[in-house]
Amino acid sequence: MNKPIRRVSVFCMVLIFALLLRTNWVQGVVADSYAENPNNRRTVYDQYSYPRGNIIAGGQPITRSDFTNGYLYKYKRGYTDGAMYAPVTGFTSQSAFGSNGLENLENGVLAGTDDRLFFRNSLDALTGKQRKGGDVVTTINPKVQKAAFDALSGKKGAAVALDPRTGAILALVSTPSYDPNTIAGTSGADGDAWKALNADQNQPMLDRALRQTYPPGSTFKLVTAATAFETGKYQNPDDQTDTPDQYILPGTSTQLHNDSDDEDCGQATLKHALTISCNTVYGKLGADLGKEKLQAQAEKFGFNSTVDIPIRSAKSVYPTDSTPDGTAMDAIGQHNTAATPLQMAMVAAAIADNGKLMQPYLVDEERSAGGTTLSKHAEKQLGQAVSPATAQKLQQMMVDVVQNGTGRNARIDGVEVGGKTGTAQHGTDNKGLPFAWFVSYAKVGADTPVAVAVVVEDGSAQRGEISGGGLAAPVAKLIMQAAIGR
Amino acid sequence: MSGAQLSSRLGRTVGPVWAGATSRRGAELGLLAFAVLLPLLAYANVGLAIDHALPAGLPLYALGTAALALTAHLTVRRFAPYADPLLLPLATLLNGLGLVMVWRLDRAGPALRGNSPAAGHQLVWSALGVGLFLAVVVLLKDHRRLQRYTYTSMALALVLLAAPAFFPARASDFGARIWLHLGGFSIQPGEFAKIILAVFFAGFLMVKRDALALASHRVLGLYLPRGRDLGPILVVWGLSMLILVFETDLGSSLLFFGLFVVMLYVATERTSWIVVGLLLAVGGATVVGAAEPHVRVRIQAWLDPLAAFAARSATTPGPPVGSEQIGQALFAFGSGGITGAGLGQGRSWLIGFAAKSDFILGSFGEELGLTGLMALFLLYGLLVQRGLRTALAARDAFGKLLATGLASALALQVFVVAGGVTGLIPLTGMTMPFLAQGGSSVVANWALVAILLKISDSARRPGPEPTRAVGT
């Protein structure tokens, strides 16, 4: 009987060997695919088993990692002034709600799983030091952020403030906002908050500053004016335009109106037309220039492409398929033209910085938990939107808007402020309440430290009370004052 | 008193050099010390990892297990002095590691669904198991006596196997009806039936082996047995299929049937039995697999272990459902990787489903990693091979058959459980010998080791047949 017993013994060894092979396959070869499977909750628990790094604004962390000693989650994310900073931080949720904003895009650094942290993590594992995620330093100036948030609170809208010289984003605000603290945990209240936020008609989780496009209205006249100078159609702000008192859109019998029909827009100069925001002058100018030239200039400012700050902005649109009457409307920021607040801030910033368009950025630096710099933002010029000469002409015109025109509400004593208002029609047959826009910059001496775009949606129940100068300009003024310290 | 017993007693008292060399009791004691120490370190490790302090029960547990092991060792030294020195330490080590893991899963507390402290019970059961081990070692003077109970064993095994079918199924049984619930107390008769059936098969085959081996006709190059000799295998095949159908217990069916085919093959030395057995098994499994929904679900879960996750919406967090179990175990294995998370540092409760029985292997894989799991499999491999070595060395046909049966039953059970949990084969639902929580399993497996130990004692005992003893 020994021969079959030996064979049985070989058979048993084969069984054990098959198990060894199988475990080698599961735990050695394909282990990562199981470990990183999104359904494997260990990945989420792991992330909260040690402190997450912080997002920093103005040298202070605006996030926390609270030790909760929960059985499943040792640490919980906390947000300081959560609603104010929500467009910057985004949220990260221990429930299955996921994450967004910087919490999502910088997760590798914040969670400490980034490959650049591998060496430090290995060292910490060897020395038994507690693991901690790295920090993300933003360009946000808390004072500017707060001014913008306070000025917009109670309204639906957004504001972006840029440093035109570098592209650094000083403020990024969207209202109504939400508090990421309410959806960071796993409790029933978090689930309820998540449902409520998603069901809210005001869309508090929508980042209006980056992800929502609006018709830019009259603020787009800056782009049209820039095209006029750049193409050589006009040389100076004081050049008289060839505009009739009553302008009929080309190829139609529709008359284009100004805000009020007694405005002196007929044969107005470019500067005067911008100051009082003549639709007829800039509509005709756009139709005369043609859609190709306008499109080329708009794209130099960044239209028709997305920007990663690193949060990706929605694409601002300058339409490429308009008929001449449509182009006339596009040129005054109506019809199919659409822009994010970030895009209009970029237009103002490029004009303010003599035509140079800088890459806007939100993340200045990534750091390891120990404070070592992992990456530092290098300023990058996206392009030359307009020549310095054109930029200076546009600046003159914008200053006149604030000094003598529709933007008077943005005046700051002793500071050169240039701006442009916009009151954008929207909705079917323009029945929706208009959007109030204001884009501006402030100059201190020879320096331009801030450019701002503000949009206020549905700012008042009364249609007649809505205007960029009335609603948006005061907000922009407060933001600029915070930025320059006046 | 037999000659062998006399010489052994003389061997110990007078102490001829060769007798001491073959008894290897010193080696056993050394290995046993290791087998006690290692789980103690693991226990301390879990305490440090979870509570940052040594477990309060450590000194008592250390004393208790050391005392149990020492008693076992002394009993073996006295009543089975020539026994294989590896069997007792291997069983002790596996049992100890299982206890640590059950305790560790207790500590998962409310995170493990339906968790209730089980380590205490498991410790009591282990002690009872060692008690039964001692009883067998002391009371079973000669393993050949078991042969007398051949047909009694058959009857008992049938009763044990059939019994669960007459008890109402409970939700907590996870589909398979393999438990007997007596008051607040439940046993899994299949674990004991495994041993009793091996005794029956060994007794039956020893008598029938010649008829089965020699009276045959040749068909297509195979020696096929006569119809009336084929009877028993068909009966056992039929029974295992019945178990499968009525108790939806694929694992036990596979185990009993495999056990019988292996023992038949060893008894008759005819390969044709293997072929017949395989054909019957495949045929039966195919039919049942197609007809029985419980079995079919498990085959589907084996073919696509992650399908259950795809079916569930990712945005609705909720408790895992039953069919996710293999996927969850694979996640545990994957997260464990090569070196594991460390004892007490895994998240074994995510396996959710019966984490303390079949899927305890998932917890081992997660916390000890590939390294630890391979070591575990090798421990089982070693235990099985020592059993088969005992079979080779045994001097009587009954002993050979019984040892082969018991050792291969262990191998089959480990393969079926571990293969199921790691996704190598469809999940069938048996317990991992010694590791898993469960009284019946621990007690039965200690008895199994005791019988193997007794057979090895008689096989290695220097006796009147010195030529047969060489090479053991």
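Among B:Arg77, B:Arg104, the sequence by solvent-accessible area, most first, with a 1.4 Å probe is B:Arg77, B:Arg104. Between 0 and 90 degrees, rounded to the nearest ten: what's the tilt of helix A:221-230 against the longest Cα principal axis of chain A? Result, in degrees: 70.
Taking other residues whose beta carbon is less than 14 angstrom from the beta carbon of A:Val454, and scoring Lys, Arg as +1 and Asp, Glu as -1, yields +3. Distance between the 7 Å Cα→Cβ label points at B:Ser116 and A:Ser122: 4.8 nm. Label zone of A:Glu292 (point 7 Å out along Cα→Cβ, amide N under 19 Å): in the stretch A:312-327 this covers A:318-327. If you take the Cα centroid of the stretch A:1-66 and the Cα centroid of the stretch B:39-89, the two points sit 29 Å apart. In the protein assembly as shown, the calculated helix contribution to ellipticity at 222 nm averages -16500 deg cm²/dmol per residue, counting -39,500 (n - 2.57) for every DSSP H run with n ≥ 4. Each peptide in B:56-63, A:442-449 receives the mean, over its residues, of other Cβ atoms within 10 Å, and ordering these scores from highest gives A:442-449, B:56-63. Per the Debye calculation on chain A with a single equal scatterer at every Cα and no solvent contribution, log₁₀ I(q)/I(0) for q = 0.09, 0.12 Å⁻¹ amounts to -0.65, -1.00.
Just name one of A:Asn336, A:Val444, A:Thr423: the one whose Cα is farthest towards the positive end of the charge dipole of the stretch A:320-475 (beta-carbon charges, Lys/Arg +1, Asp/Glu -1). Sorting the options by dipole projection puts first A:Val444. The mean number of Cβ atoms from other chains found within 10 Å of a Cβ in peptide B:373-382 is 4, as a whole number. Using the Cβ of B:Ala444 as centre and a radius below 10 Å, the other residues enclosed give a net charge of 0, where K and R count +1 and D and E count -1. The angle between the Cα long axis of helix A:2-23 and the longest principal axis of the Cα atoms of chain A comes to about 20 degrees, rounded to the nearest 10. With a 10 Å cut-off around each Cβ of B:400-411, the average count of Cβ atoms from other chains is 3. Taken along the Cα-to-beta-carbon direction at a fixed 7 Å, the label points for A:Leu72 and A:Phe17 span 4.4 nm.
Max-minus-min Cα coordinates of the stretch A:322-401 on each principal axis give 60, 28, 21 Å, with the largest extent listed first. Using heavy atoms of the protein chains and a probe of 1.4 Å, the accessible area assigned to A:Thr243 is about 0 Å². Working ranking of peptides A:325-334, A:372-381 by packing, defined as the average number of other Cβ atoms within 10 Å per residue, highest first, is A:325-334, A:372-381.
With Cα atoms as the point set, the protein assembly as shown shows a radius of gyration and Dmax of 40.7, 133 Å. Taking Cβ atoms as reference points and 12 Å as the exclusive limit, the residues near A:Gly414 contribute a net charge of +1, counting Lys and Arg as +1 and Asp and Glu as -1. Ranking of B:His52, B:His143, A:His426 by solvent-accessible surface, largest first: B:His52, A:His426, B:His143 (1.4 Å probe, protein heavy atoms only, all chains present). Partnerless cysteines in the protein assembly as shown, where a partner means another cysteine C-beta under 4.7 angstrom, comprise A:Cys12. The DSSP beta bridges internal to chain A are antiparallel in roughly 95% of cases.
The angle between the Cα long axis of helix A:291-301 and the main principal axis of chain A comes to about 50°, on a 0 to 90 degree scale. Per residue of A:89-97, other chain Cβ atoms within 10 Å of the residue Cβ number 1 on average. Amide H contacts under 5 Å for A:Val450: A:Ala442, restricted to partners 5 or more places along the chain or on a different chain, H placed in the peptide plane at 1.01 Å from N.
Computed packing ranks the peptides A:245-256, A:109-120, A:154-165 as A:154-165, A:109-120, A:245-256, most packed first, by mean other Cβ atoms within 10 Å.
Our analysis of the stretch A:96-184 gives Rg over Rh at 1.10, with the two radii drawn from alpha carbon positions and Rh computed by the Kirkwood formula. Sorting A:Met358, B:Met206 by accessible area puts them as B:Met206, A:Met358; the probe is 1.4 Å, largest comes first, and only protein heavy atoms count. If you wrap the Cα atoms of the stretch A:143-265 in a convex hull and average its projected area over all directions, you get 13.1 nm². For A:Lys155, give me every one of the aspartates and glutamates with a C-alpha distance below 20 angstrom, ignoring sequence neighbours fewer than eight places off in its own chain. Within the straight-line limit of under 20 Å, A:Lys155 reaches these aspartates and glutamates: A:Asp81, A:Asp179, A:Asp200, A:Asp207, A:Glu457, A:Asp458, A:Glu465.
Evaluated with a Cβ-only charge set (Lys, Arg +1; Asp, Glu -1), the protein assembly as shown carries a dipole of roughly 6200 debye about its Cα centre, given to the nearest 20. Listed by chain and number, the lysines whose alpha-carbon sits under 26 Å from that of A:Lys291, ignoring those within fewer than 8 places in the same chain, are A:Lys221, A:Lys233, A:Lys271, A:Lys300, A:Lys315, A:Lys356, A:Lys393, A:Lys420.
The values are calculated or read from the model by the stated rules, or taken from the named source; none is laboratory data. Small disclaimer: the values here were computed from a predicted structure and weren't measured. Here Cβ is always computed from backbone atoms with ideal geometry, including for glycine, and neighbour counts include all displayed protein chains. Accessible surface is based on the protein model in full, side chains and every heavy atom, while ligands, DNA and RNA are left aside. Shrake-Rupley method; radii C 1.70, N 1.55, O 1.52, S 1.80 Å.
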